[in-house]
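I have a structure I would like to understand better, so I am pasting it below and will then ask my questions one at a time.
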Amino acid sequence: MDIANEIESRRQRITTFKFRITLFVVFFFIAIFGVFVITSVLQISAVTRFVCSRIGLPMVNKVADLIDGDDFEALSRSLDPEDPYYENTRLKMLEIKQTVNCRYLYTMAPVSTSVFRFIIDGSSTPDDTENFSPLGVEEDVSAYDSAFFLTLRTKEIQLGTIDLNETWGNIISIYAPILNSRGDLVGIIGCDLEADTIIAWIKTQVLWQLGVVLLFAILALTVYFSLVKRINQILT
């Protein structure tokens with residue numbers, strides 16, 4: 001009877017041990033994949049902010065220095081392409097854009113909560129209708145990055161997220177307010193940076209991390225099945 005009790009007690013201990021091992025493996029996988037996901041998200045955020053802070057923000061600040069809020073507000077009302085302020089500022093914006101190979105650089109003025117007018121577009125020349133938005137052309141901004149509307153509310157420069165857009169391509173947008181002498185927001189500066197290189201780097205890092213996770217997963221499974229096999233041998 002004592003021997004039977006001892007065997008049953010032993011089986012219970014082994015069963016408990018197997019359960020603990022299984023629980024450990026499950027939490028191990030959860031922890032590994034959790035670290036993988038968190039690290040990937042942090043890397044994406046860090047890379048986009050690094051690139052924008054080193055390239056995009058200085059460019060937006062240069063454009064902001066060009067824009068006189070009162071002159072911009074007057075141009076937004078007159079929509080006069082013969083205004084010297086329009087062409088002079090457009091050419092300077094184009095020069096800034098070309099120095100950093102920015103995809104789009106533009107200013108817009110509000111018409112309503114969801115419609116804005118392009119005022120000065122430094123993306124290309126007026127002859128290039130595909131990449132250039134002439135003075136006064138209206139745009140529905142309801143689908144724009146949330147950072148656009150955050151700039152409107154806070155009157156502060158905002159960094160958007162990576163936008164994978166079939167029409168415009170892969171971009172990261174930066175938005176800055178245009179204020180008149182009274183401190184009223186009269187427009188928005190938009191800067192769209194190329195994101196293809198950043199996306200390629202992120203994909204490489206994610207694949208590398210996934211490989212490390214899979215390696216640890218294989219090692220954990222190998223140890224797990226070895227322990228289970230050994231326990232089964234003891235039981236038999």
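Return the total of residues in the stretch 81-96 being closer than 20 Å to residue 116 by Cβ and either outside the structural domain of residue 119 (by TED's automatic domain parsing) or without any contact (Cβ under 8 Å) to a residue 24 or more places away in the chain (or both).
The total comes to 2.
Residues to consider are 192, 184, 127, 145; find the one that is at pLDDT 90 or above and either in contact with a strand residue (DSSP E or B) (Cβ under 8 Å, 6 or more places away or on another chain) or not polar (S, T, N, Q) (or both). Working first, answer last.
On the way: 192 fails: at pLDDT 90 or above; 127 fails: at pLDDT 90 or above; 145 fails: at pLDDT 90 or above.
Answer to the selection: 184.
Checking residue 207 against (1) at pLDDT below 75; (2) assigned to a loop (DSSP other than H, G, I, E, B): exactly one of these is not met. Which one?
Among (1) at pLDDT below 75; (2) assigned to a loop (DSSP other than H, G, I, E, B), residue 207 violates only (2).
The values are calculated or read from the model by the stated rules, or taken from the named source; none is laboratory data. Just so it is clear, the structure is predicted and the values come from calculations on it, not from any experiment. In this analysis, Cβ positions are derived from the backbone assuming ideal geometry, glycine residues included, and neighbour counts consider all displayed protein chains.
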